[in-house]
1. Which of the numbered conditions does LYS673 fail, given that it passes all the others? Conditions: (1) in a loop (DSSP other than H, G, I, E, B); (2) surrounded by fewer than 20 Cβ atoms within 10 Å (Cβ to Cβ); (3) out of contact with any Lys or Arg (no Cβ under 9 Å at 6 or more places or on another chain).
2. Regarding region 253-272, can at least one residue be identified that is over 17 Å from LEU435 (Cβ atoms) and free of Cβ contacts under 8 Å to residues at least 12 places away in the same chain?
3. Quick test for you: out of ALA442, ALA387, ALA407, ALA432, pick the one residue that is within 21 Å of ASP56 (Cβ to Cβ), of a type in the set (A, V, I, L, M, F, W, C) and in contact with a helix residue (DSSP H, G or I) (Cβ under 6 Å, 6 or more places away or on another chain).
4. Sort out which residues of region 277-319 are hydrophobic (A, V, I, L, M, F, W, C), within 29 Å of the chain's Cα centre (by Cα) and part of a loop (DSSP other than H, G, I, E, B), and write them in order of number.
5. Considering only region 430-448, how many residues are over 22 Å from THR510 (Cα atoms) and free of Cβ contacts under 8 Å to residues at least 60 places away in the same chain?
6. Tell me whether region 404-413 contains one or more residues that are surrounded by fewer than 20 Cβ atoms within 10 Å (Cβ to Cβ), touching a residue at least 12 places away in the same chain (Cβ under 8 Å) and not in a loop (DSSP other than H, G, I, E, B).
7. Taking the conditions exactly as written (at pLDDT below 90, surrounded by fewer than 20 Cβ atoms within 10 Å (Cβ to Cβ) and outside any helix (DSSP H, G or I)), does PRO142 satisfy them or not?
8. Sort through ARG42, ARG38 and tell me the only one that's under 27 Å from PRO216 (Cα atoms), among the basic types (Lys, Arg), surrounded by 19 or more Cβ atoms within 10 Å (Cβ to Cβ) and in contact with an Asp or Glu (Cβ under 7 Å, 6 or more places away or on another chain).
Amino acid sequence: MATSVYVSSAEGSSGKSTVALGLLDALRAQVERVGVFRPVTRSSDERDYVLEMLLDHDGVNLTYSECIGVTYEDVRDDAEAALSVIVERFRAIESRCDAVVIVGSDYTGVGNPTEFSFNARVAANLGAPVVLVVTGREPTLPAGRDLALPARPLRDIVTVTDAALDEIKHSHATPLAVVVNRADGEQLSDIRTALHESFPELPLGVIPEDTFLVSPTVAAVMKSLDGQLLHGDPELLTREALGVMVGAMSLEHIVERLREGFVVLVPGDRTDAIVGVLAAHRSDQFPSLAALVLYGGFELSETVLRLMQSRDDGFPIVSTHHDTYESVLHVMSARGKLAADSQRKYDTALQLFRNNVDTEAVLEQLNISRATVVTPLMFQYTLLERAGALKKHIVLPEGLDDRIIRATATLLSRNTVDVTLLGDEFQIRSRASELGLDIASARIISPTDPTLVERFSEEYAALRAHKGATVEGAREIVSDVSYFGTMMVHLGLVDGMVSGAAHTTAHTITPSFEIIKTAPGVSIVSSVFLMCLADRVLVYGDCAIVPDPSAEQLADIAVSATATARLMGIEPRVAMLSYSTGESGSGADVDKVRQATALVRERQPGLLLDGPIQYDAAIVPSVAEAKMPGSALGGDATVFIFPDLNTGNNTYKAVQRSAGAVAIGPVLQGLAKPVNDLSRGATVKDIINTVAITAIQAQGITP
């Protein structure tokens, strides 16, 4: 039976989806199979955006239809029958999961006391302890005016919490924890103290209000206005509208009131205001706006249309037939949603939960123990945790690539690393604003910065003097983003570099061979792939760099791969692979592996190591017993060293495609300081993983 937890609130607009997401993310790091369940949904016709958001989380492998119970209509028609259906549908998915996060209903069309009582009964019947979410804002009265809600008095927070806990117990459910969400930032400490004094037996969390999370997207604003997109990139409709302004005054006063992320409403017949707002948005002297809304249903002149289309910057311009009063009312009714299509909201919600909720205490109450297997998602989660434990500074040279900007926003929001981007600061920050991403804490440097170019040129000329390099010639070389980033690593301005999303492997790593060079005691730069199988993580090397290593180089690769495995939290048990096991074969290829194995034993006498050994004898205990009785590995190798690039590259790809393994890499090893390459088809997740690995490598280097 799966461990389950029920997230519920006694009122609307509590933001319990943030808490559900945070719990789901925490459970994913502990168990192999996580699930989600919505006992009551708004409608059978309209899909539940909270459920879709949770299903989009990595590691949840269930369909939408499997994860819903009944609708509000079903509950109103026959609550007892609805409860039976909920239990039946929950049991069907519970059997397929190790842990399930259950998200209570949303207070749509049912009286609050009745609805909360029903949620408590559901929790009791599902055997799921309840995480109670209480809003730190006054209850919503006018629909959708979340941004204007005042802070709730402390005594009211305690009173509402006490009453809700009594209802949970009365319904024979078990309270697990209390989380006050959307709390006033100045009251956090007082709320924690009051709750601890009143409910000392329960783990507590107090999450501050975040304006960004309750801000609607431009798409939501456009929908509320029954608007049409006149011009702009539809992808930019996902940007959040951080504020709304009606631009009906003179142009001078409109422009001076513009703020970052605002949606500006302008009458469609005010040509001067339209021109002025567009000019301000497109200038680096004024804030970047989320959208321009032209209201009143006026027909636009050809001149104005040409002006709007004169610059293909993707800025959304929306038209609506509503007048001023109606437009304002409709915009104010647009609500912010924590949905799967907003990575920034997703990252913000997770970080708020992690920073303000005692997750370990909640998991301890649930009696969750870490799984013995290591799934790909659990491993990737661990990478981010380890990278953030001792923050390093990573440079990403391809600063204008959207994937790099998105990865940067996530890395910064999760406090994983400090980031420097290379490129034009205005262009990069403008693009991030257009995408609705927060990279304010990123450092952005131009690779043509004269002071740094001069410093790097002198250093490069000194390093490459034996090759005839001069300061004059070096100036052009170090202005290349790969060389510029590598020089930053070399001189200690950053701790590592990740590049290659828009450049070839050679372009990315050649500068590191010239400038950073190999670590002491290492003769060759090589690589490994971290192969994430269904239940464990293996290390394969070398599969990307060295075509035909000598015995000495093969030994170096094995020693470097052993160090990489330890850095990544993998206990190294090293198999030196060949087509022959033990003493059964001979020939130059086998002898090379035999010699390399002996060299590794000399350098690391305590290492669990065998070779030459065939792959099946290295990974299957029964085959090991038959082919190599008494092997130190016993068919349980974790590090596999291939005799040449041809074998290694083909094997990792075969395992990746045939076994459905997640291949993370190539991870470069042997350099004095970490530099890693991305494939040009890298996803945002690939970039995040590679940056985390680079940071962990930097943690393992003694200054």
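1. Failing condition for LYS673: (2).
2. Checked region 253-272: at least one residue is over 17 Å from LEU435 (Cβ atoms) and free of Cβ contacts under 8 Å to residues at least 12 places away in the same chain.
3. Going through ALA442, ALA387, ALA407, ALA432 in turn, the sole match is ALA407.
4. Within region 277-319, the subset hydrophobic (A, V, I, L, M, F, W, C) is 277-280, 286, 289-294, 298, 300, 304-305, 307-308, 315, 317-318.
Then keep just the ones that are within 29 Å of the chain's Cα centre (by Cα); that gives 289-291, 315.
Selection gives LEU289, ALA290, PHE315.
5. Residues in region 430-448 being over 22 Å from THR510 (Cα atoms) and free of Cβ contacts under 8 Å to residues at least 60 places away in the same chain: 8 in total.
6. no
7. Yes.
8. Numbers: ARG42 fails: surrounded by 19 or more Cβ atoms within 10 Å (Cβ to Cβ).
Answer to the check: ARG38.
The values are calculated or read from the model by the stated rules, or taken from the named source; none is laboratory data. Because the structure is predicted, anything quoted here is derived from the model rather than measured. Reconstructed Cβ throughout: ideal geometry from the backbone, glycine too, with neighbour counts over all protein chains shown. Just the protein is used for accessible areas: all its heavy atoms, side chains included, with ligands, DNA and RNA removed. Shrake-Rupley method; radii C 1.70, N 1.55, O 1.52, S 1.80 Å.
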